[in-house]
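Here is the structure we will look at, set down as structure tokens.
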Amino acid sequence: MTQAPAKSWTELKAQTPRKNSIPEGLWLRCPGCGQMIYRKQMEANLHVCPECQHHYRIGAVERVRQMADPGSFEPMFTGLSPTDPLAFRDLKSYADRLLAEQIKTGQVDAVVAGTAFVKGRAAMLCVLDLSFMMGSMGSVVGEAVTRSIETATERNLPLVIVSGSGGARMQEAGLSLMQMAKTSAALARLDDAGGLFISVLTDPTTGGVTASFAMLGDVIFAEPKALIGFAGPRVIQQTIRQELPEGFQRAEYLLQSGMVDRVVPRAELRSEIARVIDYSGR
Amino acid sequence: MASYYQLEFEKPVVEIEQRIAELEQKARRAGAPPAEAPAYPGIETPEAEPLPDPAAIAVEIERLREQREAELARVYSSLSPRDTVLVARHPKRPQTRDYVELMCKDFCELHGDRRFGDDPAMVVGFARIGSTKVLVVGHYKGRTTKERIACHFGCAHPEGYRKALAKMKLAEKFGLPIVTFVDTPGAYPGIGAEQRGQAEAIAVNLREMSRLKTPIVSIVIGEGGSGGALGIAVADRVAMLEHAWYSVISPEGCAAILWKQANDQTNQLAAQALKLTARDNLELGIIDAIVPEPPGGAHRDPQRAAANIERWITDQLHELRSVNPSTLPARRYERFRKLGSYTEVPVG
């Protein structure tokens, strides 16, 4: 398979993807190219714009559907649910927020994990769900990611984690921070055991998730134009009070600065993962 | 008496200190021996006011000093989370280099990450604490304005975290325990930092520290902000100084995101909500101990603060010395593994 020549970020212009909200209706205007596109066609195309290849943000359930061989996904750790250990309250209480998010998404928290086959290769699959509190990592996400890593270690399965997250969940404060140490330490053990970890970064992956397991992949793939970074662009801009370079923190920029192995379009993700699994001999 | 950067809640204490200073001045005048006073015999020195009784002044000063101690203890025993953050950031609060000077001998500083550069916001070097040889790692904010700017006010770059890790691996090779001082508002958010992999540098530190086969003890001495703090705090034992803070984000950052604006009121609410004090962190199991500060905070008596920290470190190192180093990573793993709060229903 040949890879399309990598565009430099200067060529990518201002067509950077924006918010994930997919408007209701049969037709929608693509935030990438501004064309009116037929919704069903976009959805059938893995939620990628058929005109400009803009990658729409997708939830964990859709991601699993795309990644796993049909019928092969066996969910795990589904009994985990979040608590409100600090009785946290900002403009809204965390307890209310959790409930609202659970009703909105039908998910218990921002993670889906389980074993699956990817093009016939058995793997441990763990996907963060952006639609639930921006995929933020609290205790449940940290625990599910850690158990996924431990399961991969114990069963000698290749581990694939698909990240899309605003970072550590503020509403669990210090406990969220500790999930960074917990998940990273679990990866040390997977590494000691000779396991394979493929990290897939999607738009956006920032903060405590990037600064822990997401950047620790043996192989790191990023979806085109995904925003990936430690600090968010707004925070950086406020700190340095300068315009940020064009394409800054986008997947192609990270490829140029040596931070990811490949920028992989969604349509090629399965075959690329399968290829790495084969090379690793797992 | 030294004047300190004045915190709002310290006002009653500062008022007492001012009165003590006035009285001391009076006492000096009163205490000047009058016998040797006439420089020109025969000429009367004008006495504008009658000299106060030195003994009475001394008694009053003593009384005020006691009052000051009591007031300091009172104020500092009931700091709000927001006040704690202000104390933790006090410009006179001792920093890593101060503690190294106060408690270590023969500090042998090591520079550079061998990849890009040397980050002054991260101080690393061999040192002796008592008779124990250790590797010291710590964030550094800087003392002078020039130094503070060079250190980005304690916000380390990727090269800082990589320098720390490189030397920690050296410590592991030499069988030296590692002592880390955490004092950062957070890792630096900037273009260069992102380009050079701030997230990756921190992530690698978390992973590698978890499997170092040598004892690691960490203490948050001032600010423990987010991943930038944790990046040198994956340790066998973690403590906080009494008035330090440690959480997932600074109260200002949290207020800006969750309250949509950072101002006095939202900063206070965020500080409260983030459970960032030493006591909160102890309750959550995130830290193992609180190291007490002298009354009025570490900045009022750095020697005593250093002595308290040294005692805690020495005790931990003594305990950890009896553990086989090869079993330390497993124990460290368990320490972090159990952190988190969730419920679980059996699924079958």
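The values are calculated or read from the model by the stated rules, or taken from the named source; none is laboratory data. Remember, it's a predicted structure, so these values are computed and weren't measured experimentally. For neighbour counting, all protein chains shown are included, and Cβ atoms are generated from backbone atoms with ideal geometry for every residue, glycine included. Each accessible area value is taken on the protein alone, full model and side chains, heavy atoms only, with ligands, DNA and RNA left out. Shrake-Rupley method; radii C 1.70, N 1.55, O 1.52, S 1.80 Å.
The set of residues in the stretch B:196-209 that are within 7 Å of chain A (Cβ to nearest Cβ) and in a loop (DSSP other than H, G, I, E, B) contains only B:G197.
The rows are residues; the columns are (1) surrounded by 14 or more Cβ atoms within 10 Å (Cβ to Cβ); (2) assigned by TED's automatic domain parsing to the domain that holds B:V234; (3) more than 20 Å from B:L317 (Cα to Cα).
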residue	(1), (2), (3)
B:A58	yes, no, yes
B:Q67	yes, no, yes
B:T96	yes, yes, no
B:P120	yes, yes, yes
B:S131	no, yes, no
B:V136	yes, yes, no
B:K141	yes, yes, yes
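In this structure, does B:I313 turn out to be within 30 Å of A:A186 (Cα to Cα) and assigned to a loop (DSSP other than H, G, I, E, B)? When the stated conditions are applied, B:I313 does not pass them. Of the residues examined, B:R114 is not one that is touching a Phe, Trp or Tyr at 6+ places or on another chain (Cβ under 9 Å) and open to solvent by 30 Å² or more (accessible area, probe 1.4 Å).
Restricted to strands (runs of 3 or more DSSP E) entirely inside the stretch B:210-294, those with at least 1 residues that are under 23 Å from B:V137 (Cβ atoms) and at the interface with chain A (Cβ under 8 Å from one of its Cβ atoms) are B:245-247. If you take the residues in the stretch A:205-219 that are more than 7 Å from chain B (Cβ to nearest Cβ) and open to solvent by 10 Å² or more (accessible area, probe 1.4 Å), which one is farthest from the chain's Cα centre (by Cα)? Filtering the stretch A:205-219 for residues that are more than 7 Å from chain B (Cβ to nearest Cβ) and open to solvent by 10 Å² or more (accessible area, probe 1.4 Å), the one farthest from the chain's Cα centre (by Cα) comes out as A:D218. Do we find a residue being open to solvent by less than 60 Å² (accessible area, probe 1.4 Å), modelled with pLDDT of 90 or more and among the basic types (K, R) anywhere in the stretch B:76-87? Checked the stretch B:76-87: at least one residue is open to solvent by less than 60 Å² (accessible area, probe 1.4 Å), modelled with pLDDT of 90 or more and among the basic types (K, R).
Could you tell me whether the stretch A:150-161 includes any residue that is modelled with pLDDT of 95 or more, within 14 Å of the chain's Cα centre (by Cα) and within 29 Å of A:L91 (Cβ to Cβ)? Looking through the stretch A:150-161, none of the residues is modelled with pLDDT of 95 or more, within 14 Å of the chain's Cα centre (by Cα) and within 29 Å of A:L91 (Cβ to Cβ). In the set (1) acidic (D, E); (2) more than 9 Å from every other protein chain (Cβ to nearest Cβ); (3) more than 28 Å from B:D98 (Cβ to Cβ), the condition left unmet by B:D301 is number (3). For the stretch B:144-185, which positions are open to solvent by 10 Å² or more (accessible area, probe 1.4 Å) and either in contact with a Ser or Thr (Cβ under 8 Å, 6 or more places away or on another chain) or outside the structural domain of B:M240 (by TED's automatic domain parsing) (or both)? Of everything in the stretch B:144-185, those that are open to solvent by 10 Å² or more (accessible area, probe 1.4 Å) and either in contact with a Ser or Thr (Cβ under 8 Å, 6 or more places away or on another chain) or outside the structural domain of B:M240 (by TED's automatic domain parsing) (or both) turn out to be B:C155, B:E172, B:G175, B:L176, B:P177, B:P185.
Is the stretch A:226-233 home to any residue that is within 20 Å of the chain's Cα centre (by Cα), surrounded by fewer than 24 Cβ atoms within 10 Å (Cβ to Cβ) and more than 10 Å from chain B (Cβ to nearest Cβ)? Yes. Within the stretch A:57-68, the set of residues being in contact with a strand residue (DSSP E or B) (Cβ under 7 Å, 6 or more places away or on another chain) and not aliphatic (A, V, I, L, M) comprises A:R57, A:R63.
For the stretch B:214-232, the candidate set comprises residues that are more than 16 Å from B:R331 (Cβ to Cβ) and hydrophobic (A, V, I, L, M, F, W, C); within that set, the residue that is nearest to the chain's Cα centre (by Cα) is B:I221.
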